[in-house]
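Just below is one structure, and these are the notes that go with it.
The values are calculated or read from the model by the stated rules, or taken from the named source; none is laboratory data. From a predicted model like this one, the values you see are computed outputs, not experimental measurements. Virtual Cβ from ideal backbone geometry, glycine too; neighbours counted across all protein chains shown. With ligands, DNA and RNA removed, areas are computed over all heavy atoms of the protein, side chains included. Shrake-Rupley method; radii C 1.70, N 1.55, O 1.52, S 1.80 Å.
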Amino acid sequence: MVTAEKQDMRIAQAWAVLGQVMDPEVPALSVVDLGIVREIRCEASGLAIDLTPTYTGCPATAAIRLDVENAIEAAGLGRPTIRLVTSPAWTTDWISPDARRRLKEYGIAPPAGSAPKGRRGLFAPEPAIACPRCGSTDTRQTSAFGSTACKALYVCAACAEPFEYFKCI
Amino acid sequence: MPDTAHFEFLLRLGDSCLVLGHRLSEWCGHAPELEEDIALANVALDLTGQADMLLAEAARFEGKGRDADALAFLRDAGDFRNLLICERPNGDFAHTIMRQFLFDAWQVELYGALAASSDKALAGIAGKAVKEAEYHLRHSGEWVVRLGDGTPESHSRAQDALDLLWPYTGEMFEADETVAALVAARIAPDPAALQSAWTRTVDDVLAEATLAKPPSGWMQTGGLTGRHSEALGHMLAVMQVLPRSHPGAKW
Ligand SMILES: [Zn+2]
């Protein structure tokens, strides 16, 4: 018989382990920082973990799932059961202020503000994006899409640095 | 609500994403500029991801042990239920962008409504995908304005594309027994409501692009019942060759 207290400890340990599992495409952030880990439960068969993909077509989803399974098992917590959930839809609002700071230090401009509530205006103006290198907001989008689904490309007019912006959705 | 209608409806949604996603992927390495190459590949990836989720759901309702991969790679053209506009060959860049714009404007309305579907799994997928569709629409809409209100050459190509593609838009709002059953079960939205919202977006953008909206007339039909153009068969031959030549291949 596993006590509730022991279960809580196991869940807390699992969260700590996953806090060290980095996103394969944005290695400055862990899967917990990104809000990809939604819930961890202790069930009769072992740990059950809910993951949510960032974008429906994110090619890293399978790799992340495998990394999570392996990390939990390596920590002696057993092979977990993974469930992919889509609701509520992933949003950059789940990225904490501390994680945003680390994203910027890594050279990627973090999402500006919070995700639009309701429908996005078709040609609504985008907020000014600050250059992660010099902080200037005199920047220009060079491509609405980037090297991964979650990013867009910008260039800074002040320091000439081309940089990636983590799209706010 | 019979599972067969549910299966059929999910297949239509998933197949349209899959086929258009593949068409866009054909631009990879060929787009007019690097940024656009990246953009079209990104949109293709989102659509393929949506197709994966929708076809997995379709397979669940079908209940015959097939999965999303089996539906994508082991069916022939006659079993596909995508909109005909999705299988149109890419043509020039204006044609690809116009096709994308007309489709994105439809998908934004459709997913927006499906996010409130009584089918909770579908609502979850739609609630996620609508954010992607809005981003796509912004991109394709901006291009339609840039091409339409650009040079005489870009304007005439954009207008040609619009005239050519317009007869393929009626299919988006077709209402048959399958749709009626899903509307009654509050799974799918009423196509007439979708059409008026879609028309508003299209009218606004075409006006800004100085493009003339074609008169509503005869519309193409057939995709939803599996009557496709020759173009789909050629496309599937390329898309499906690997899993068909090496059944069960893993990598
Ligand atoms: Zn700068």
Exercise for review: Can you give me the number of residues within segment A:144-160 that are open to solvent by 20 Å² or more (accessible area, probe 1.4 Å) and either within 16 Å of the ligand (Cβ to nearest atom) or among the basic types (K, R) (or both)?
Suggested key: 6
Practice item. Report yes if B:H30 is modelled with pLDDT under 95 and either within 14 Å of chain A (Cβ to nearest Cβ) or open to solvent by 60 Å² or more (accessible area, probe 1.4 Å) (or both), otherwise no. Key: yes
Check your understanding: With B:Y135, B:Y111 as the choices, which residue is within 29 Å of B:D203 (Cβ to Cβ), open to solvent by 10 Å² or more (accessible area, probe 1.4 Å) and in a helix (DSSP H, G or I)?
Key -> B:Y135
Revision key, fill the gap. The one condition A:Q141 fails out of (1) within 14 Å of another protein chain (Cβ to nearest Cβ); (2) loosely packed, with under 14 Cβ neighbours inside 10 Å; (3) in a loop (DSSP other than H, G, I, E, B) is (3)
Revision key, fill the gap. Pairs returned, first residue in segment B:179-190 that is surrounded by 15 or more Cβ atoms within 10 Å (Cβ to Cβ), second residue that is of a type in the set (F, W, Y), beta-carbon separation under 9 angstrom, 6 or more apart or interchain, are B:V179/B:F9; B:A181/B:F9; B:L182/B:F9; B:I187/B:F9; B:A188/B:F9
**Study point:** Filtered residue count, segment A:22-60, keeping only those that are away from chain B (no Cβ under 14 Å) and closer than 15 Å to A:P80 by Cα
**Key:** 12
Check your understanding: Can you find a residue in segment A:83-91 that is aromatic (F, W, Y), open to solvent by less than 30 Å² (accessible area, probe 1.4 Å) and either within 12 Å of chain B (Cβ to nearest Cβ) or more than 15 Å from the ligand (Cβ to nearest atom) (or both)?
Key -> yes
Study note, to complete from the structure: Expected output for segment B:45-60 (first residue more than 9 Å from chain A (Cβ to nearest Cβ) and assigned to a helix (DSSP H, G or I), partner open to solvent by less than 40 Å² (accessible area, probe 1.4 Å) and aromatic (F, W, Y), Cβ below 6 Å, 6+ apart or cross-chain) is B:A58/B:F7
Practice item. Say whether the condition of being of a type in the set (S, T, N, Q) and more than 16 Å from the chain's Cα centre (by Cα) is met by at least one residue in segment B:87-107. Key: no
Check your understanding: Quick one: in segment B:138-155, which of the residues that are among the polar types (S, T, N, Q) and open to solvent by 20 Å² or more (accessible area, probe 1.4 Å) is nearest to the other protein chains (Cβ to nearest Cβ)?
Key -> B:S154
Check your understanding: Picking from A:P127, A:P132, A:P116, A:P97, which residue would you name as being away from chain B (no Cβ under 12 Å), away from the ligand (no atom under 16 Å from the Cβ), over 29 Å from B:A31 (Cα atoms) and of a type outside the set (A, V, I, L, M, F, W, C)?
Key -> A:P97
Practice item. From the list B:A129, B:A158, pick out the single residue that is assigned to a helix (DSSP H, G or I) and within 12 Å of chain A (Cβ to nearest Cβ). Key: B:A129
Check your understanding: Is one or more of the residues making up segment A:26-39 modelled with pLDDT under 95 and loosely packed, with under 15 Cβ neighbours inside 10 Å?
Key -> yes
**Study point:** B:F80 being of a type in the set (F, W, Y) and within 14 Å of another protein chain (Cβ to nearest Cβ)
**Key:** no
Exercise for review: Please tell me if B:E35 is facing another protein chain (nearest Cβ under 8 Å) and surrounded by fewer than 23 Cβ atoms within 10 Å (Cβ to Cβ).
Suggested key: yes
